[in-house]
Amino acid sequence: MAFIKLYRKKLEENYAFLDTIFKSRNIQWGVVSKLLCGNKIYLKEIIALGVREMHDSRISNLKKIKALDPEIQTVYIKPPAKRSIESIVKYADVSFNTEIYTITMLSREAIKQNKTHKIIIMIEMGDLREGVMGEELVEFYGDILKLPNIEILGIGTNLNCLSGIMPTQDKLIQLSLYKQLIEAKFSIQIPWVSGGTSVAIPLILKNARPMAVNHFRVGEALFFGKDLFTGDTIGGMHNDVFKLYSEIIEITEKPDAPIGELGESGVGTSYVPSDSDDLGETSLRAILDIGLLDMQPQYIEAEDSDITIIDASSDMLVIDISSSKKKYKIGDLVSFKIQYMGALYLLNSDYIEKTIG
């Protein structure tokens, strides 16, 4: 059975690195846990780091977090669906919002549950996903202030999540100006200006963040140490908190090109011959016990750099081990580095065992 392993020491070191950066700049931050897909083994590891604020886009995951530690502040990081209002007020201390209709329902449900529900008003700043348009923000904010049992914790924005728009210094200055405008208009103080996700960390490291932007939500950088501006690993961080291990179930010398009449495969693809194909060539191929039900090959890379991934079917992955210096045998484990989206597939699969290293 293939399995994914979380390396505790590397996670701890990545967390300490980020926590030092944020605390030294008087920034609040929360861990985005949606990658973990509600896995209790891994949620416990996050909680053990001393995290006091966790963000997720699934209510079922926030429910698990509350069951593990009721004192953790839970944040629902997308506009709530109408049918989820009761659960959101019950399990999320904070939610991100963009619609007066929805916030009105949250207000009514908070009254029923005798709670004050906190919200972050998300502002559209160019990435064209969720957010109130800037020219409508002041009127929108004023309407929300009238609702009972609703506390506006702050304003925020999402960038680089849909259209690839980056959180530049100019974008965060604009976000800061919205804070000034609202505070001046309503004679209030806005506690949080939530400037984005892991993608904003390079700006923070360069001290290019406007001081008013005082809150961030971080997931990918914690687990993968990735600088999303350059694609490189942030100096001092680990990019391999997670690794995938899969077992070899067959090793055979086989032709490089398939033989017979070509048609569409069981996963909807077809072999495309090329001019470079030599029908007389063969390679040593290994089959692993993992497939498209669990992962997408483009998001994983063998740690043995001499291994080439050929392709996958629903339950098996074919690799070329001809060039490897290691003499693989049946039952050996092949380890893989994983990208964020690769980990998301694996962690969401019930067929992949989750372990700690």
Would you confirm, using the coordinates I've provided, whether ASP294 is of a type in the set (Asp, Glu) and open to solvent by 30 Å² or more (accessible area, probe 1.4 Å)? no
Quick check on my filter: what residues within region 60-108 are in contact with a Phe, Trp or Tyr (Cβ under 6 Å, 6 or more places away or on another chain) and part of a helix (DSSP H, G or I)? LEU62, LYS63, LYS66, ILE88
Take the residues of region 196-215 that are open to solvent by less than 30 Å² (accessible area, probe 1.4 Å) and β-branched (Val, Ile, Thr): which is nearest to the chain's Cα centre (by Cα)? VAL199
Has region 112-124 got any residue that is at negative phi, in contact with a Cys (Cβ under 8 Å, 6 or more places away or on another chain) and not aliphatic (A, V, I, L, M)? no
Inter-residue pairs, beta-carbon under 8 Å, first over 20 Å from GLN298 (Cβ atoms) and in region 317-333, second among the aromatic types (Phe, Trp, Tyr), 6+ apart: LEU333/TYR245
Selection count where residues are over 22 Å from ASN158 (Cα atoms) and over 20 Å from the mean Cα position of the chain (by Cα), scope region 69-84: 4
Can you tell me which residue within region 298-357, out of those that are in contact with a helix residue (DSSP H, G or I) (Cβ under 9 Å, 6 or more places away or on another chain) and of a type in the set (S, T, N, Q), is surrounded by the fewest Cβ atoms within 10 Å (Cβ to Cβ)? GLN298
Go through region 49-77 residue by residue and tally those that are over 13 Å from VAL218 (Cα atoms) and aliphatic (A, V, I, L, M). 7
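Condition check: open to solvent by less than 20 Å² (accessible area, probe 1.4 Å) and under 22 Å from SER95 (Cβ atoms). Does ILE121 satisfy that?
Spelling it out, ILE121 is indeed open to solvent by less than 20 Å² (accessible area, probe 1.4 Å) and under 22 Å from SER95 (Cβ atoms).
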Just to be sure I understand, how many residues within region 124-138 are touching a residue at least 12 places away in the same chain (Cβ under 8 Å), open to solvent by 20 Å² or more (accessible area, probe 1.4 Å) and part of a loop (DSSP other than H, G, I, E, B)? 6
Checked region 139-195 for anything among the aromatic types (Phe, Trp, Tyr) and crowded, with 16+ Cβ neighbours inside 10 Å; matches are PHE140, TYR141, TYR178, TRP192
Looking only at region 216-261, filter to residues that are of a type in the set (A, V, I, L, M, F, W, C) and over 26 Å from CYS161 (Cβ atoms); which one of those is most open to solvent (accessible area, probe 1.4 Å)? ILE259
Only residues that are assigned to a loop (DSSP other than H, G, I, E, B) and free of Cβ contacts under 8 Å to residues at least 24 places away in the same chain: list them for region 157-187, please. SER187
Is one or more of the residues making up region 226-245 small (Gly, Ala, Ser) and closer than 19 Å to VAL32 by Cβ? no
Has region 25-40 got at least one residue that is out of contact with any Ser or Thr (no Cβ under 7 Å at 6 or more places or on another chain), part of a helix (DSSP H, G or I) and more than 30 Å from VAL334 (Cα to Cα)? no
Would you confirm, using the coordinates I've provided, whether PRO79 is within 30 Å of GLU45 (Cβ to Cβ), modelled with pLDDT under 95 and either of a type outside the set (Lys, Arg) or open to solvent by 20 Å² or more (accessible area, probe 1.4 Å) (or both)? no
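The values are calculated or read from the model by the stated rules, or taken from the named source; none is laboratory data. None of these values were measured; they are calculated from a predicted model. Here the Cβ is made from the backbone with ideal geometry for all residues, glycine too, and neighbour counts use every protein chain on show. Each accessible area value is taken on the protein alone, full model and side chains, heavy atoms only, with ligands, DNA and RNA left out. Shrake-Rupley method; radii C 1.70, N 1.55, O 1.52, S 1.80 Å.
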